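Below: the structure, in structure tokens.
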Amino acid sequence: MDITIMGNERIDDLQYRGLRLIQKTDGFCFGIDAVLLSYFAQVPKNASVIDLGTGTGIIAMLVAAKKGPARVVGLEIQADMAEMAARSVALNGLQDKISIVRGDIKDAVQLFGPSSFDAVVTNPPYMEKGGGRLNPEDSKAISRHEILCSLEDVISVSARLLKHGGKFSMVHRPHRLADIMYNMRKYGIEPKLMRLVHPSPGKRPNLVLISGTRGGRAELRVQEPLYVYDSSGRYTKEIDEIYGRDAEADDR
């Protein structure tokens, strides 16, 4: 299949089962948070999954490859990002597994119906609205700041999309953890699993991975910290395993 690549785009090798991703050279690009979420996400086999704010489609594709769901929907409000993500899906021949839908997270229940998914995954904007002047048409700003949806929007919609017992998984910043847990409980998603991600030993965490169950009983398990780099400044063994890299090969 011939896939059009625009002049301001490139194809990146995800180094996992031959997956490739189209990204803008001057736009928002995926980071380690998306990769870690796809590894951490609580997604049952043969589940129906929605990725809220799919962006480039990176999480939808990695979840489809790693977790064995029956179907994955990637919902994205920005027309150019949704179109680009759809081309990445076609580039990898995953049209039978993944569908990209252009739409607003706040309209997701109307689009798909209540209690229509077994799992929700999301890497929402981290920065609260009001932190400086922002261009509402800037794709980078939309990806990073709560311009078009808030943290509460994401969690409340996720709760309505999930079946009873369905799984919600998100990556965010630790400084929003109180807001995250408050809103999860407010909308009936019980926090069940959490892991803090640290740049290296001795440094404060800069990401939190959290999962909850709609209608679940109260019991939160906190996993041991995940370190990205070791004390020598190299990726830790666990990060190499998450990325599917051969650490010994990197030394050669």
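The values are calculated or read from the model by the stated rules, or taken from the named source; none is laboratory data. Every value quoted in this text rests on a predicted model; they were computed, and no experiment measured them. A quick note on method: Cβ atoms are made from the backbone with ideal geometry, for glycine too, and the neighbour counts reach across all protein chains shown. Remember, those area values only see protein heavy atoms, side chains included, never the ligands or the DNA or RNA. Shrake-Rupley method; radii C 1.70, N 1.55, O 1.52, S 1.80 Å.
Quick check for you: which residues of the range 64-97 have the amide N under 17 Å from the point 7 Å beyond the Cα of M6 toward its beta carbon? From the range 64-97, the list is 76-91.
Treating cross-link reach as a plain straight distance, find the lysines whose alpha-carbon is under 21 Å from the alpha-carbon of K203, omitting any fewer than eight places away in the same chain. Output for K203: K237. Pairs exceeding a 20 Å alpha-carbon distance, out of K45/K106; K45/K97; K67/K167; K45/K163: K45/K106. Under 14 Å from a label point set 7 Å out along the Cα-to-Cβ vector of R71, the amide N atoms of the range 86-108 belong to 95-101.
Under a 1.4 Å probe, what is the accessible area of the chain per residue, stated in Å²? Could the numbers behind the result be given before it?
Numbers: 12160 Å² over 252 residues.
Result: 48 Å² of accessible area for each residue.
Annotation: the antiparallel percentage among DSSP beta bridges lying fully within the chain is about 45. With all protein chains in place and a 1.4 Å probe, the accessible surface of the chain carries 48 percent carbon and sulfur.
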